[in-house]
Amino acid sequence: MGGKIITVGSTKGGVGKTTLALNIAIARAMAGRDVWLVDADRQATASTALAIRGEADRLPAIATAHYADGGQLRTQVLHQRNKFEDIVIDAGGRDSTALRAALVLSDLVVVPFQPRSIDVWAVADIAALIEEARAMRDGLQAYAVLNMADTAGTDNEDAAAAVADYPALQYLDTPIRRRKSIANAAGNGMSVLELTPRDDKAIAELNALLQSLF
């Protein structure tokens, strides 16, 4: 049996999907797991971030590949899955063959969304795709995570209540708040866990999410 396949996916762009995928992949590698990050987004932002990481000789090194086509993604992941303990797929930004292929391959899907009404509508789209994937893939777990959440206000509670309308997704009450440290780390191909000076609040939020997922 191959490694666990985790897709961080959404049909909407700008929800912090790539940043979250990077943080999950690097955190798992820091925990001693052999990790492969598959960039299934046409923009290839995750691949770029990991290239920056590689140029800086930062450890642990993370293996990466870019497959924006669903057929190619499926073939390569099935071919390579026994070589890694965790495969993290960064997929979507829109409904694509790569996102659909990733969902069917996955053990776990993480759907980041922002506390804005337009984002909550996008949850309906991905929930429908998850239902389709479940028709072909038993045991697919899917979680909605509030990402780039506000540090104050009721948006978070409102968004959590809206996700309850979509039984395909389980809401995880482990929001990742909008913090400069997270964006700065990702821009350098790093997890917030590696950043100096430390942002203890951001680290605590990421660790709470990882504990819920794994």
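The values are calculated or read from the model by the stated rules, or taken from the named source; none is laboratory data. As the structure is a prediction and not an experimental result, all values here were calculated from the model. Every residue, glycine among them, receives a Cβ derived from its backbone with ideal geometry; neighbour counts consider all protein chains shown.
Laid out as a table, the results:
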read-out: From the options LYS83, LYS4, residue that is under 23 Å from ARG137 (Cα atoms), of a type in the set (D, E, K, R) and either crowded, with 21+ Cβ neighbours inside 10 Å or within 15 Å of the chain's Cα centre (by Cα) (or both); value: LYS4
read-out: For GLU132: the one exception among (1) at pLDDT below 95; (2) assigned to a helix (DSSP H, G or I); (3) acidic (Asp, Glu); value: (1)
read-out: Residues being in contact (Cβ under 8 Å) with a residue 40 or more places away in the chain and at positive phi - total across the range 16-73; value: 1
read-out: Which listed residue is small (Gly, Ala, Ser), touching a Lys or Arg at 6+ places or on another chain (Cβ under 6 Å), closer than 23 Å to VAL123 by Cα and free of Cβ contacts under 8 Å to residues at least 60 places away in the same chain, from ALA149, ALA202, ALA168, ALA161; value: ALA149
read-out: Which listed residue is β-branched (Val, Ile, Thr), at pLDDT 90 or above and touching a Gly at 6+ places or on another chain (Cβ under 7 Å), from VAL88, VAL111; value: VAL111
read-out: Matching residues in the range 86-104 - criterion: being over 15 Å from the mean Cα position of the chain (by Cα), crowded, with 16+ Cβ neighbours inside 10 Å and outside any helix (DSSP H, G or I); value: SER96
read-out: Filtered residue count, the range 10-49, keeping only those that are in contact with a Ser or Thr (Cβ under 7 Å, 6 or more places away or on another chain), small (Gly, Ala, Ser) and closer than 20 Å to GLN114 by Cα; value: 1
